[in-house]
Amino acid sequence: MKTIIQKLWMLVAMLCASISATAYDFEVANLQYDIVDLPSLTAKVVGCNEQLEGALIIPPTVNFSNHELTVVGIASFAFKGNARITSLQIGDNITGIGISAFEDCKKITEISFGSSLKTIGSGAFQGCTSIKSIALKKPIELIGSNAFRGCSSLSSVDIPNTVKKIESLAFDDCSKLSKVNISDLNSWCLIDFDYEAFSSNLTLHIQNSPITILNIPDGISVIKPYAFDGFTNITGVSFPKTVKKIEKNAFRGCGINSLALPENLDSIMQGAFSQTSIIELNIPKSVRFIDELDGLPKLKKISFEDSDNPIEIKFESHIHYPNNGMSDFVYGSDVEELYIGRPITMNCTMGYWVNGKFIMKSYSDCLSRSAFFGLKSLTKVVIGEYCNQITPQWFWGCYNLKQLVIQDGSNPIEFFQNIYYDKYNEDSNPNYSTQFKYVETFADCPLEYVYIGRNINYTQKYNGVSYPNKRLSPFENKKTLNTVVIGNEVTNLPASNFFKDDNLLSVEIGHSLSNIPDGCFVGNNEISSIAIRAEVPPKYSNSFPNSIYINTTLYVPIDALSAYQSAEPWKNFWNFSDIENMNTGIHLIYNNETDNNISVGNDGLIYIGESRTHISIYRIDGKLQYSGYVEPNQYISLHNGFYIVKLNNNSVKIKI
């Protein structure tokens, strides 16, 4: 042992003597080296002299002064900017390549990686504009940030299943890169990706076979950030039940146009499906958190599946951005239809101007802010049985919302009275006197059809403070509103003037409403039909104009005709008819085209379509019987009778 140590010290002395005037320890065959660890006789390449050109071969070992040293690394900046190297062969003992080791070596056309390489440092091959392909080998684990950034001739890269992390912008600005080949999908799903590791417009290959349908392996619980970012050849995804979370930008830029999310999914993070072609998105009832669904230009319908468990939506509101008037929840989308089947809480970050500066503030109680703010293409909203409240500003800026359906249910839905606190003006002007403004919920919406299937309660609060002295109906003075249907579950309406001064043409009232509030229909002088299903005439203290008494048809149960003909104010009508002869309001929403995807049996129907879809089934009296998503060959049990079935934007009348 003593003899070995003496020899090592002699070697150090010789090296020091030979490199006393250099920046490296020793030089062999035009390559310059530093000692990494003397006892283990390991070295790393730190550069080359001016005589080296053409092919650069990093040897696995190097002999110097009668000692063989193992070459284990390439130092940071070792060959940066070298314009003489045309090809690179990395020895089998190299475990790491340092930062910017070959940056801007613009003449390198090919690289052969060694069998021990584990890490490629940040910017290691950045700007190597002549490299055409890269075939990484096991046991590579880390590809550093900017490692191959700006390799403008690079067209393909092979990534083995040993890779654990690809850092930010590793393959960014590789304008010709189109093929990423991996060995298996399971190991790819386990890689940690930093910010935008790849450029866009890529194709993903598994063992050199391109894939279109992505079958996420069973056991994967998280789709990691940027995992499939930019892979345009992916047109569909099949998820296992184990997936709980889809991270930020996981499928951004993929060619997906339809998607069935996993039934046990818990969270969807910001931009998970941004820049895809998804048309309809169904949020499973298991999901508890969503952080913005922005960047979906073709998205037309969002459905929150029925559940009594609330879902939290986090979004950034651009209410006070210049020339902008919508939230970031679905920013860039033209959503036309919205189904809300569960309670929603909203967590908003809001931006506004204060004394010439733009300020962002977070609000956890967003009673006056909404993820649906400014959906200018929204035409239809359906509120499911488990959604228990509609808060202020939910539908502000929805300038084309024409249909509102509040589905039947035994539990009331709560409308927060729109008490608008002008916080923006107060913050921008300390002397501004705080004011509360009362604005009805659907102020910006040209509603034409409203179906109310359950009782409505008003809550008039702001920050826990009650303001009970102001009562505005959400449907008062809606000059566009022409059809109102009040379902059979409704036992009371919350306020007078509920439909005051609208332009109603058709009114239908279910059999449970026994008392119509004063002034409910005052100012509606063009009503052509009123249908009431109650056997006992409901009380209504107001009278109608004579023009309605003599021109409007009053549809009532035939067995209750005499009761209506003797009760105020109904007895004043000249035209009575059996309600069974009346077409319900359903035809005002849906067309009469048939759908061949329905098979009718003696006690129900079977959906025989090829893919999962949404179906709504109404009784002939207009009561919603069933609403939800159905799978191919799913059976729905129904009692004998007539039904209206809506499927794929078509409707058909069936008999069981």
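The values are calculated or read from the model by the stated rules, or taken from the named source; none is laboratory data. It should be emphasised that the depicted structure is a prediction, and the values quoted were computed from it without experimental measurement. For neighbour counting, all protein chains shown are included, and Cβ atoms are generated from backbone atoms with ideal geometry for every residue, glycine included. Ligands, DNA and RNA are stripped out before the accessible areas are found, and what is left, the full protein with its side chains, is counted by its heavy atoms. Shrake-Rupley method; radii C 1.70, N 1.55, O 1.52, S 1.80 Å.
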| field | 3 or more residues modelled with pLDDT of 85 or more: qualifying strands (runs of 3 or more DSSP E) within region 423-500 | value | 449-452, 483-486
| task | Tell me, please, whether a residue that is of a type in the set (S, T, Y), crowded, with 16+ Cβ neighbours inside 10 Å and more than 15 Å from T552 (Cβ to Cβ) can be found in region 482-490. | result | no
| Test: I234 is among the β-branched types (V, I, T) and not in a loop (DSSP other than H, G, I, E, B) | no
| Using beta carbons and a limit of 8 Å, which pairs, at least six apart or on different chains, have the first residue in region 543-571 and under 18 Å from G523 (Cβ atoms) and the second one in a helix (DSSP H, G or I)? | S543/N572; F544/N572; Y549/N572
| message | Return the residues of region 237-252 that are assigned to a loop (DSSP other than H, G, I, E, B) and polar (S, T, N, Q); say none if nothing qualifies. | response | T242, N249
| remark: Inside region 263-283, the number of residues satisfying the requirement of being among the aromatic types (F, W, Y) and surrounded by fewer than 21 Cβ atoms within 10 Å (Cβ to Cβ) is 0
| note | When every residue in region 175-201 that is touching a Gly at 6+ places or on another chain (Cβ under 7 Å) and not in a strand (DSSP E or B) is compared, the one least open to solvent (accessible area, probe 1.4 Å) is S199
| field | Matching residues, region 501-523, being among the acidic types (D, E), part of a loop (DSSP other than H, G, I, E, B) and open to solvent by less than 10 Å² (accessible area, probe 1.4 Å) | value | D502
| request: Check every one of the strands (runs of 3 or more DSSP E) wholly within region 42-128 and list those with 1 or more residues that are acidic (D, E) and closer than 21 Å to C174 by Cα. | output: 110-112
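The rows are residues; the columns are (1) open to solvent by less than 40 Å² (accessible area, probe 1.4 Å); (2) modelled with pLDDT of 75 or more; (3) on the phi > 0 side of the Ramachandran plot; (4) touching a helix residue (DSSP H, G or I) at 6+ places or on another chain (Cβ under 7 Å).
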residue: Y540; (1), (2), (3), (4): yes, yes, no, no
residue: A560; (1), (2), (3), (4): yes, yes, no, no
residue: E568; (1), (2), (3), (4): no, yes, no, no
residue: R612; (1), (2), (3), (4): no, yes, no, no
residue: Y635; (1), (2), (3), (4): no, yes, no, no
residue: N640; (1), (2), (3), (4): no, no, no, no
| Residue under evaluation S529, criteria (1) touching a residue at least 40 places away in the same chain (Cβ under 8 Å); (2) over 46 Å from the mean Cα position of the chain (by Cα), criterion not met | (2)
| Subset of region 18-41 (residues that are modelled with pLDDT under 85 and either in a strand (DSSP E or B) or closer than 18 Å to N63 by Cβ (or both)) | S18, I19
| query | Based on what the data block shows, is I99 crowded, with 20+ Cβ neighbours inside 10 Å and at pLDDT 95 or above? | reply | yes
| query | If G253 satisfies every condition in (1) farther than 24 Å from I340 by Cα; (2) without any contact (Cβ under 8 Å) to a residue 40 or more places away in the chain; (3) open to solvent by 10 Å² or more (accessible area, probe 1.4 Å) but one, which is the exception? | reply | (2)
